[in-house]
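The values are calculated or read from the model by the stated rules, or taken from the named source; none is laboratory data. Remember, it's a predicted structure, so these values are computed and weren't measured experimentally. Here Cβ is always computed from backbone atoms with ideal geometry, including for glycine, and neighbour counts include all displayed protein chains. Accessible surface areas use protein heavy atoms only, side chains included; no ligands, DNA or RNA. Shrake-Rupley method; radii C 1.70, N 1.55, O 1.52, S 1.80 Å.
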Amino acid sequence: MTDIVINADTLQSFVFSLWRHAGSSEHEAALVAEHLIMSNLTGHDSHGIGMIPRYVAALSEGGLRLNQTVSVVKDAGALLTLDGLRGFGQSTAWQAMKLGIQRAKDTGVCVVALRNTHHLGRLGHWAEQCAAEGMASVHFVNVAGHTQVAPWSGTDGRFGTNPFSAAWPRPGQPPLVLDFATSSIAVGKVRVAHNKGQSVPEGCLIDHTGAPTTDPSTLTQSPFGALLPFGQHKGFGMAVMCEVFAGALTGGYTTHADTRPTTSAIINGLFSVIIAPEAMDAPDAQQQADAFLQWVKASPPAPGQKIYEPGEPERLCRQARLEQGIPVDATTWEQIQQAAGKLGFPESGLPQVRVT
């Protein structure tokens, strides 16, 4: 299927204008645009501009609320519990991390619980925000009420893709950033494959009978199948802990029979631990981390392969897409244009594209 290519700056300007037109403040529109374009730049198209149609639908249904300021539910020094009020996750999470980072600078550590926020987007973005301020961090997310992933040994969807992320700052160097869904692949990657008319890798999906399949429509149309957890029982176990920490411990809600969604909104819970490394009794922490990475990357690579540190593939993809433009499949671009039309966004505001 034909792809189009759009310059990153041009695309970011379009997304900013789109959400300004929808009613977002300049700051919120800028945060959403930056986040979505960075997701595309780093190769995570599942969390990039392809989310716009879903966001527009959630906005029209009332499940997404613009221009929300997080509400402080509890402030206990090194612990903050916040309510996102169903605001844009790209804004509420930015606010939550900003508060948590400042508190960690003051106290050495801050545990941040953010509940009731709309889709957080690429989780690694928030780990990177912490790392940019010199903070180490770990993050758990649940996708409240969604049932696209089957438990290990199960045959139907019972929870969401429940991602995990962690970052380690390195002065003068890019941070180490780990970011992954606990499902075999992200739901958005299935959507991208479906729009491109491609299959998904084997071992990622089961159909409504529990049989293995590579057909992405299994997850996009009834009767619905489910994704499998990554790493068999290990990914399943991690997904459970993400659900409990981010859904229950934040004061939000977990996925069960009474919490199945009835709208297009994606509601997340976020549980983060933000740590100032200098507050620990670990003066050689950076030296030890660097020595370990050098040791690992000195392993002779398999033929035709390269050893990447966490976050390195995303950096390489970002560099290439900044130079070459961001590819978008024709189906996704058509869906975005239709969503813009529903907001009354003028056709003259759509960016110029290059067909490949």
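Each residue in segment 268-298 was checked for being among the charged types (D, E, K, R) and under 15 Å from residue 173 (Cβ atoms), and 2 of them qualify.
Being in a strand (DSSP E or B), hydroxyl-bearing (Ser, Thr, Tyr) and within 24 Å of residue 181 (Cβ to Cβ) is not true of residue 264. Among the residues in segment 317-339, are any open to solvent by 40 Å² or more (accessible area, probe 1.4 Å), over 18 Å from residue 45 (Cα atoms) and either in contact with a helix residue (DSSP H, G or I) (Cβ under 6 Å, 6 or more places away or on another chain) or at pLDDT 95 or above (or both)? Scanning segment 317-339 turns up at least one residue that is open to solvent by 40 Å² or more (accessible area, probe 1.4 Å), over 18 Å from residue 45 (Cα atoms) and either in contact with a helix residue (DSSP H, G or I) (Cβ under 6 Å, 6 or more places away or on another chain) or at pLDDT 95 or above (or both). Considering 191, 170, the condition of being open to solvent by less than 30 Å² (accessible area, probe 1.4 Å) and among the basic types (Lys, Arg) is satisfied by 170 alone.
Of all the residues in segment 245-270, those that are within 17 Å of residue 112 (Cα to Cα), touching a residue at least 24 places away in the same chain (Cβ under 8 Å) and open to solvent by 20 Å² or more (accessible area, probe 1.4 Å) number 5. The test for being open to solvent by 60 Å² or more (accessible area, probe 1.4 Å) and of a type in the set (Asp, Glu) does not hold for residue 83. Counted as qualifying within segment 1-84 are the strands (runs of 3 or more DSSP E) with 1 or more residues that are within 26 Å of residue 322 (Cα to Cα) and not charged (D, E, K, R), namely 3-6.
Candidates are the residues of segment 209-237 that are within 30 Å of residue 111 (Cα to Cα) and touching a Pro at 6+ places or on another chain (Cβ under 8 Å); the one that is most open to solvent (accessible area, probe 1.4 Å) is 236. If you filter segment 124-159 down to residues that are part of a loop (DSSP other than H, G, I, E, B) and small (Gly, Ala, Ser), you find that the one that is nearest to residue 110 (Cα to Cα) is 134.
Would you check if there is a residue in segment 283-294 being farther than 20 Å from residue 137 by Cβ, in contact (Cβ under 8 Å) with a residue 12 or more places away in the chain and more than 25 Å from the chain's Cα centre (by Cα)? For segment 283-294, residues farther than 20 Å from residue 137 by Cβ, in contact (Cβ under 8 Å) with a residue 12 or more places away in the chain and more than 25 Å from the chain's Cα centre (by Cα): absent. Only one residue in 127, 144, 166 is within 21 Å of residue 249 (Cα to Cα), at pLDDT below 95 and within 17 Å of the chain's Cα centre (by Cα). Which one? Going through 127, 144, 166 in turn, just one is within 21 Å of residue 249 (Cα to Cα), at pLDDT below 95 and within 17 Å of the chain's Cα centre (by Cα): 144.
If you go through segment 86-97 and keep only what is open to solvent by 10 Å² or more (accessible area, probe 1.4 Å) and either out of contact with any helix residue (DSSP H, G or I) (no Cβ under 8 Å at 6 or more places or on another chain) or modelled with pLDDT under 95 (or both), you end up with 86, 95. Can you spot a residue in segment 298-309 that is at pLDDT below 95 and either open to solvent by 60 Å² or more (accessible area, probe 1.4 Å) or of a type in the set (S, T, N, Q) (or both)? Within segment 298-309, none of the residues are at pLDDT below 95 and either open to solvent by 60 Å² or more (accessible area, probe 1.4 Å) or of a type in the set (S, T, N, Q) (or both).
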